[in-house]
1. Please grab the % of Cα pairs in the chain that end up more than 32 Å from each other.
2. Output needed for region 248-389: three equivalent-ellipsoid semi-axes, defined as square roots of 5 times the C-alpha gyration tensor eigenvalues, in descending order, whole Å.
3. Please work out the C-alpha center-to-center distance from region 240-316 to region 22-83 and express it in whole Å.
4. Report relative contact order for region 1-147 in percent, whole number only (criteria: Cα-Cα under 8 Å, sequence separation at least 6).
5. With 23 Å as the limit, write out which pairs from LYS224/LYS324; LYS32/LYS125; LYS127/LYS398 have Cα-Cα distances beyond it, or answer none.
6. From the phi angles alone, apply the Karplus equation (6.51, -1.76, 1.60; θ = phi - 60°) to region 23-40 and give each ³J(HN,Hα) in whole Hz, x where the residue is Gly or Pro.
7. How do 350-358, 402-410 rank on mean C-beta neighbours within 10 Å, highest first?
8. Provide, in order from the shortest bin, the percent of all Cα-Cα pairs of region 226-320 in each 10 Å bin, continuing until the bin that contains the maximum pair distance.
Amino acid sequence: MSRMWEFQKFKGLRFTDTFLQLFSEKNSDGTKKLRFKANELEQRFQEQLLPADMVYVSTFLNAHPEVVEVDLSYNGIEDEGLETLCNITLSHQNNLQHLNLSHCDITPAGIKVLYFIAEKYGFVKLKTLRLTGNKLGPTGGHLTALFAPFCPTLEHLDVGDTDQTADSVDCLFLQLYRSQIKILDVSRVIPCNNMTQVNAVFLSESISELIRLNDTIVEIHAQKCSFDAHDVESLILGLKLNTSLKFLDIGYNNICCVGVEFLSEWLKTRPQLLGLCIAGNNIKNHGGVALSFGMPFSKLRYLDISYNHIGNEGIIAILNSIKKPYMLRYFLLWGNSFSHPANKIIQRMMLSTVFEQRGIDVKIYEVDGVLYAARYPVDKYKHRYYGVMDHGCAVGLKIKRNRVETPDDKPRALVNFAHIDRYPEIEKKSKQGQATDEKEKKIAKCEDVVKNEEKSGGVDESN
């Protein structure tokens, strides 16, 4: 069969139902995910999806309503391909909930078609829309803002690295104030161009206002937005009035030690925040010590301080503040300037099970009585965010089976953010337990049917 695929060289005959089913991952709740990453296609066939190929993909989605997630990242489908998807699938009744269009060469013209289809037909029920890496510009940002009200189910919107400006981001926020958005990524806003320069204070105040007015927001990602300490102070004005935010990502800005002091003072108020990323922010020992003063009062379970300039003094101060009612489960510190004294404390904490190796991104080893730290691959956020392949060559093609989390899964999630491993992992049920659950579901379904018939008078009591 592989020889036949190589011979056809990605022509229309290859896009059969069987071929597309091979790239469909099965979920435990009966739904499917169509995985058509360009990286994987290039590994296997030295080709990627073209605009004309979207006809077959859209037809497949119409024929298989169980497919609720589509990943088309890094394919050159362009505006023509998105228009085909809109006209064939999104203009009719569909079950598509998650759409990944990262780095697909889409321009404002494609977003305009998506907006018109959502406004005209009202069948767009997306929960996730990822537009990362498409050069939409301010025009595309304004069109995305117009699209948002016509997709009330939208919970995850990613417009990072789409050449947005402060004006277009503010326009988008105005539409999201009263929406059901949960995860928002506005990273890498254009700092300046030949005509204008983004005022970071204006941007931070806009984000602060969004956090204050929206009571469903759970994650905010604002990396590489040129924030400084004064911008952090503006952000905290909104953070103090928000009770829903669980993850704040302001990595790779320039908040320095003063910005960490503002965050530490806010952490002393015991906010609901569970995850904080301040990686790559030019933080030094003073900032590490300042953070340690707020840590004991916080509920943080995920902390990323990697790629700063924190030495032994700051790292040791943070390590001494970790034993708190809400235990830290993920601690990322690789890229700082710590040595043997800090490594000795990390090793002791790992031996006493304060840390697990799966939760810290350094591995301690000893040479001639001196302890050193090596990088341990715990941080997989960027790997998953950018859809990097796990292998450098094509591996055996198998249908994947994904476990979809349900409210009844145990143990309960202590850390559960996008692109970050859940902690703790879901317990795997035995075959006997699975059979018992299925039996209970069938019994409950039968009882509901009987109750409905009794209410409607459909049961004949004389029989």
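Bear in mind that the values in this text are calculations on the coordinates, not laboratory data. As the structure is a prediction and not an experimental result, all values here were calculated from the model. Counting neighbours? That spans all protein chains shown, and the Cβs are built from the backbone with ideal geometry, glycine included.
1. 49 percent
2. Each semi-axis is √(5λ); the values are 22, 18, 16 Å.
3. Region 240-316 and region 22-83 have Cα centres separated by 39 Å.
4. Once normalised by length, the contact order is 19 percent.
5. The pairs that break the limit, which is 23 Å between Cα atoms, are LYS224/LYS324; LYS127/LYS398.
6. 9, 9, 7, 8, 9, 5, 8, x, 8, 9, 10, 8, 9, 10, 6, 5, 4, 6
7. 350-358, 402-410
8. Over region 226-320, the share of Cα pairs per 10 Å bin runs 18, 57, 24, 1 percent.
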